[in-house]
């Protein structure tokens, strides 16, 4: 039975769009040519413009009939709250209309983002049909278009949320949601304060036009950037793993810290990412380390690394820095961690060096200066 038949409409649509890529190009994927960069810039500009217009149009279409027709189209009804004497005004038709518009906008943005990812993949000739990781790479791009997390790290015992209690994990997940809604509320409060308490509600509501336009464009830009990161990473990961194995395969102590090194990357990121899974499985396979759902981790690994010999430190630093770079984001928290490790003589690289390598990766210039350093 075809497993695609059990997938959602959007998964089937994304599979269809991204399966049209065809054979890969002769250009190395970790380095983007001028032609590829030009095509990507055009795709990004068109996508962000369409996404922003969708957000602005949604606000206009929502509020225009509301203020033109008022209660004749959206009557106000009273609702008696159970177990209380309180009565509140409620607009059922308006809420239903809002929900329909939100669903239409989500549908359109899904379509736009999937097609944009497919166009970028086509411009880069990725994924290559003859590559042995074709299905995994295709699946990773589909996940980007659908804004889904790849959680294969769980299957090999890597947990990015290790050390977080349940309530901290819940708070962490809540904090990264509802950004557009919270921004819109704060923006409306600011406008109300600046223009006075008697400003028309219509003016305050229409302030949401630039807010939702911005967040739609921002969300699409994140997806485009993530697509590029997943396109450029696989050949870099292979090159990196081959090189680190060639240099360190004779040291059994390094083989013992591979799992801990991968866990360090995951914890520093606090998120799942396909590139980290690909790096993890590639390193484990290359060093012939059995994959386990519940691997053993060294107690107080940071203290262990402070006392390790230089060869082990070098190998660990290489894996850690590469893993931090390879998802396209180097956060402030990671910079603080790396500065601490630099001060403790665990990581030999300066923050400026790491930032320059991250910039090279983002710009499609490859990472040879780091891999062969």
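Given Cα pairs under 8 Å that are at least 6 residues apart, what percent is the relative contact order of the range 228-371?
Once normalised by length, the contact order is 30 percent.
Using a 10 Å cut-off around each Cβ, can you sort 350, 84 from fewest to most neighbouring Cβ atoms?
Least crowded to most crowded, the residues run 84, 350.
Return 50, 7, 373 ranked ascending by Cβ neighbour count within 10 Å, so the fewest neighbours appear first.
373, 7, 50
What order do you get for 57, 47 when you list them from fewest to most C-beta neighbours inside 10 Å?
Ascending Cβ contact count within 10 Å gives the list 57, 47.
Work out the FRET efficiency for residue 352 and residue 88 from their Cβ-Cβ distance, taking R0 = 56 Å, and round it to the nearest 0.05.
My answer for the efficiency is 0.45.
If packing is taken as the average number of other Cβ atoms within 10 Å across a peptide's residues, how do 353-363, 248-258, 322-332, 224-234 rank, most packed first?
Most protected by this proxy first, the peptides run 224-234, 322-332, 353-363, 248-258.
What ranking do 275-285, 293-303 get when scored by the average of other Cβ atoms within 10 Å per residue, highest first?
275-285, 293-303
What order, most packed first, do the peptides 217-223, 97-103, 111-117 have when packing is the mean number of other Cβ atoms within 10 Å of each residue?
In descending order of packing, they fall as 111-117, 217-223, 97-103.
Pull out a ≥ b ≥ c, the square roots of the eigenvalues of the alpha-carbon gyration tensor of the range 228-371, then state rounded if a/c is under 1.5, prolate if not and a/b is larger than b/c, and oblate in the remaining case.
Verdict is rounded for the range 228-371.
Report the Cα centroid-to-centroid distance between the range 249-265 and the range 281-305 in angstrom, as an integer.
Taking the Cα centre of the range 281-305 as reference, the centre of the range 249-265 is 6 Å away.
Between the range 73-148 and the range 323-364, how many Å separate their Cα centres?
34 Å
Values in this text are rule-based calculations from the coordinates and carry no lab data. Note that the coordinates shown come from a computational prediction; the quantities given were computed from them, not determined experimentally. Ideal geometry is used to build each Cβ from the backbone, glycine not excepted, and the neighbour counts take in all protein chains shown.
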